[in-house]
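Only one structure is covered here, and it is reproduced in the block below.
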Amino acid sequence: MCGIIGIIGKDAVAEKLLAALRRLEYRGYDSAGIATLVDGGIERRRAEGKLDNLEKRLAREPIAGRTGIGHTRWATHGVPNEKNAHPHATDRVAVVHNGIIENFQDLSEELVAAGRRLASDTDTEVVAHLITRYLEEGDEPARATKRALARLEGAFALGIVFAGRDDLMIAARRGSPLAIGIGAGEMYLGSDALALAPLTNKILYLEDGDWAVMTSKGVTVYDAEGREIRRKVRKTAVSGAAVGKGGYRHFMLKEIYEQPQVIGDTLHSFVNPATRAVTLPEFPFDPAKATRITLIACGTSFYACLVAKYWLERLARVPVEVDIASEFRYRGADMPEGGLAVFISQSGETADTLAALRYANKQRQHTLSIVNVPESTIARESEAVLPTNAGPEVGVASTKAFTTQLTVLACLTLAIGRARGAITPDAEARLVGALTEVPARAAEVLNHDERLREIAEEVAKARDVLYLGRGTSYAIAMEGALKLKEISYIHAEGYAAGEMKHGPIALIDEGVPVIVIAPSDELFAKTASNIAEVMARGGRVIFLSDAKGVQRLGWQAAATVQLPEVDPFVAPILYAIPVQLLAYHTAVIKGTDVDRPRNLAKSVTVE
Ligand code: M6R
C-alpha cells in the first residue's frame, strides 16, 4: 500500500527520489519522506500529507547524498503525521517499509526493555532498531539484516541503508512486491516498475522470501533459505513518459477519455476483425475443459467478475462462481479438480487476490490472471496470463482498467463458448462484430460528458444515491455506486432492480437520486416496472438507456442520457463510462481530491 524507492547513485539523489515518489504516490499519500547518507551519517526529511508538502520541505531544507531511500505512506499503524512518516531511522540505519510487521508489539517491548527509545507509533521502526542492535553486537550490515529478517512476522518490502556505507543498500521481500533496477553504475529498488521507469528498463523482481545486497556494481540475491540465487533480469516496457495528465485536469478524466483507444488496443490482441473470430494465446491447459470457473477479485475488478459470470453462464454455458478475494481466501472452500480459477487485478499486486491465487494453486486449479501489469506478482504466479492493455492507471478510481478487463473477459467468454460448442461460428462473428464496434461507441458515449456534468450538479447535493440495474447492468450499478462513494464521499448503493421491493425501496424520497442503468435488452420491461415503482414513491430517476429505452420511458425520468444502441452483450462495457463520468463530475463539484481520495490507495498490498 505504501510506495518505496531506493537509489545508489553517482550524484545527488534527493530530486530523483522525489520524482520516483511522484510515480508511486498512487500507492498512498498520508505522508512522505526521504533519507540520504551524508558525511557518515543519515539525513532525513519527512512531511505529513501529500508529496507536495515534502517537496516544499526539501526546497526549504535541501538534502545532499548520492545514496538514499524514499517512501510514500498509506497509514496502517500510527496516525498519518510526521513522526510516523518513513524512513524510520536510528543513528546507524534507515528503513522504508511497505506491508505490516505483525509481531511489532512483542519486538518493541523487547527493544524498549533493552533500553532503546522508539520515536514513532509504527510497526516499521522496530526493524531499524533490531538491525542497529545486531550492528552494535558487531555484525556486518548483511548479517545484521539477515538476523533481523528472521525475527519479523508479517508482510513486507524493505529498503535499508546504513550510515557510512554509501555504496550499500539492502532490500527484502516477504509478501509485498519489490523490484530491483540495474543502471549504469547505479542501482535502484522500487515497489514497481513504474517507479523505476525513467531510471532503467532492466529490472529483476525479488521472489517471496528473497533479500538482496545491492552496491553500485550489482546485486546479490538470497532466497528464503539464505542460498545465493539468480533472478531473471527482464527488460520492462513500462514507460515513465506515459505517466502524465496529458492536458487533462485529473488523471481520472484522462483515463476515462483513453477508453476508446485502450479498449481497441486490448481487442487488437485477441480479435481478428477479418475473420470475426477470437484467438487467445496458447495456454498450458484448455480453459474450455474446465468443469467450473471461479472468478476472484476485489473492488472494481470484482464487478468485472460479476459481469463475466453472466456472460460465461449464459453464452459459454459453463458453471461459474464469483468471489471477493478477501472472503474467498479464508473460507477454506474445496475446489473440485478440473476447475479453472481466474484472478482479475489491475495492479496484479492486491494482497487478498494474490493470497486467493496461491490458495487456488494449492487446490490444484488451473489458474489464469487478467492483469494490467504483466510483470506483477499475480501474473508471475499464474499458469496463464491475459493482459489488459490499458497502460498505467494512476487515478485511484479504476476506470480504463475496468473496461479493458471486461473486454478481455468478453473475448474469453467467446473463446470458451465456441470451444464448448455453446456459441456457433455465426454467433461468434456477430458478437465479435459488436465488440469491434465498442471503441467507436465508447467515443460516442464520451460526447455525453457535458450532459453528465449537468446531472452531477443534482447528484452532488444528495446525501444518498441508489444505482439500479438487472443482469450485467446490476454489476454496473454496483460499480457506479463504488465510483461515486470513493471519490465524492457520497453514500451510494448498487442494487439489483428486482431487489428494491425487498427492502431498499423504503429509502426512496425526493432527496435520493436513483440512477437506473437500463439498456434495452430482454430485461428492460422488468426494469421499467421497477422504475415505475420508484417514481410512484416520489423517487427522482436518472435514466441511462438507448433510443428505444428513452422512447419508452425517458419522458417519465427526472433526467435522461441517451446512449448508443448496441448489442446487449457489450452494453456493460459502454454503460460503465457514464457512471464513471457522473462520479467524476460530482467529485469535482464537491471539491474532493479526485485522483487521490481520502483514506484510499491505488494498490492494496496489505490485507
Ligand atoms: O489492482 P486491483 O484491480 O486488484 O484492485 C482492486 C481494487 O482495490 C480496486 O478496483 C479498487 O476498488 C478501486 N479503487 C476502485 O475504483
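Normalised by the number of residues in the stretch 138-210, the mean separation of alpha-carbon contacts (under 8 Å, six or more apart) gives a relative contact order of 26 percent. Over all other residues within a Cβ to Cβ distance under 14 Å of A119, the charged ones net out to 0, with Lys and Arg as +1 and Asp and Glu as -1.
Rounded to the nearest 20, the Cβ-based charge dipole of the stretch 1-75 about its Cα centre (Lys and Arg +1, Asp and Glu -1) stands at 120 debye. For V271, the residues 5 or more places off, or on other chains, whose built amide H falls under 5 Å of its own are T279. Extending 7 Å from Cα along the Cβ direction at D139 and again at E228 yields two label points whose distance is 2.0 nm.
In what sequence, highest mean first, do 369-379, 449-459 appear when ranked by Cβ atoms within 10 angstrom? Write down the numbers at each step before the final one.
Numbers: 369-379: 25.5, 449-459: 17.4.
So the order, starting with the most tightly packed, is 369-379, 449-459.
To the nearest ten degrees, helix 259-270 and the longest principal axis of the Cα atoms of the chain are 90 degrees apart. Element breakdown for the chain at a 1.4 angstrom probe: carbon and sulfur atoms account for 48% of the accessible area. Any chance you could check the Cα centroid distance between the stretch 30-87 and the stretch 540-607 for me, in angstrom? Using only Cα atoms, the two centres lie 38 Å from each other.
In the chain, helical runs assigned H by DSSP with n ≥ 4 each contribute -39500 (n - 2.57); averaged across all residues and rounded to the nearest 500, the mean residue ellipticity at 222 nm is -11500 deg cm²/dmol. Computed over neighbours whose Cβ is under 12 Å from that of A583, the net charge equals +2, Lys and Arg +1, Asp and Glu -1. Taken one residue at a time, the phi angles of the stretch 577-588 give Karplus couplings (6.51, -1.76, 1.60, θ = phi - 60°) of 5, x, 6, 5, 5, 4, 5, 4, 5, 4, 5, 4 Hz. Gly and Pro are set to x.
Towards the positive end of the charge dipole of the stretch 446-590, with charges on Cβ (+1 Lys, Arg; -1 Asp, Glu), say which of S488, A518, L446 has the farthest Cα. Checked the options; the winner is S488.
How high is the relative contact order of the chain, in percent, counting Cα pairs under 8 Å that sit 6 or more residues apart? Kindly include the intermediate steps, with their values, before the conclusion.
On the way: 1421 pairs, mean separation 71.5, N = 607.
Dividing the mean separation by the residue count of the chain yields 12 percent.
Evaluated with a Cβ-only charge set (Lys, Arg +1; Asp, Glu -1), the stretch 3-240 carries a dipole of roughly 800 debye about its Cα centre, given to the nearest 20. Our coupling estimate for the stretch 174-187, obtained by passing each phi through the Karplus curve with A = 6.51, B = -1.76, C = 1.60 and θ = phi - 60°, is 9, x, 7, x, 7, 10, 10, x, 10, x, 8, x, 10, 9 Hz, Gly and Pro reported as x. Relative to the longest principal axis of the C-alpha atoms of the chain, give the angle of the C-alpha long axis of helix 524-536, reported between 0 and 90° and rounded to the nearest 10°. The angle comes out near 90 degrees.
Tell me the net charge near L340. Cut-off is 9 Å between Cβ atoms, L340 excluded, with +1 for each Lys or Arg and -1 for each Asp or Glu.
Details: positive: K289, R292; negative: none.
Taking every Cβ under 9 Å from that of L340, the sum is +2.
So for the chain, taking the charge dipole from beta-carbon charges (+1 Lys/Arg, -1 Asp/Glu), which of F251, T122, L507 sits furthest toward the positive end? Value computed over the given set: F251. 3J(HN,Hα) couplings calculated from phi for the stretch 287-303 with the Karplus curve 6.51 cos²θ - 1.76 cosθ + 1.60 (θ = phi - 60°) are, in sequence order, x, 6, 8, 4, 7, 7, 10, 10, 9, 9, 5, 10, x, 4, 4, 5, 5 Hz; Gly and Pro show x.
For G41, the residues whose modelled amide H falls within less than 5 Å of its own, excluding neighbours fewer than 5 places apart on the same chain, are G164.
What does the extension gain come out to for D208 and D567, with contour length at 0.36 nm per residue minus their alpha carbon separation? Before the final figure, lay out the partial values.
Values: separation 359, 0.36 × 359 = 129.24 nm, distance 4.47 nm.
Length difference between fully extended and current span is 124.8 nm.
Averaged over its residues, the chain has an accessible area of 37 Å² per residue, based on protein heavy atoms and a 1.4 Å probe. Too long at a 30 Å Cα-Cα cut-off: which of K309/K526; K56/K461; K16/K146; K50/K146; K362/K485; K56/K245? K56/K461; K50/K146; K362/K485, as the Cα separations exceed 30 Å there.
Return the FRET efficiency for the residue pair K548, R292: r is the Cβ-Cβ distance, R0 is 41 Å, and the value is rounded to the nearest 0.05.
Details: r = 36 Å, r/R0 = 0.88.
The pair K548/R292 has a calculated efficiency of 0.70.
What you get for the stretch 357-515, charging only the Cβ of Lys and Arg (+1) and of Asp and Glu (-1), is a dipole of about 680 debye around the Cα centre.
The values are calculated or read from the model by the stated rules, or taken from the named source; none is laboratory data. Only a predicted model underlies this, so the values are computations on that prediction, with no experimental measurement involved. A quick note on method: Cβ atoms are made from the backbone with ideal geometry, for glycine too, and the neighbour counts reach across all protein chains shown. We work out accessible area using only protein heavy atoms, side chains counted, and drop any ligands, DNA or RNA first. Shrake-Rupley method; radii C 1.70, N 1.55, O 1.52, S 1.80 Å.
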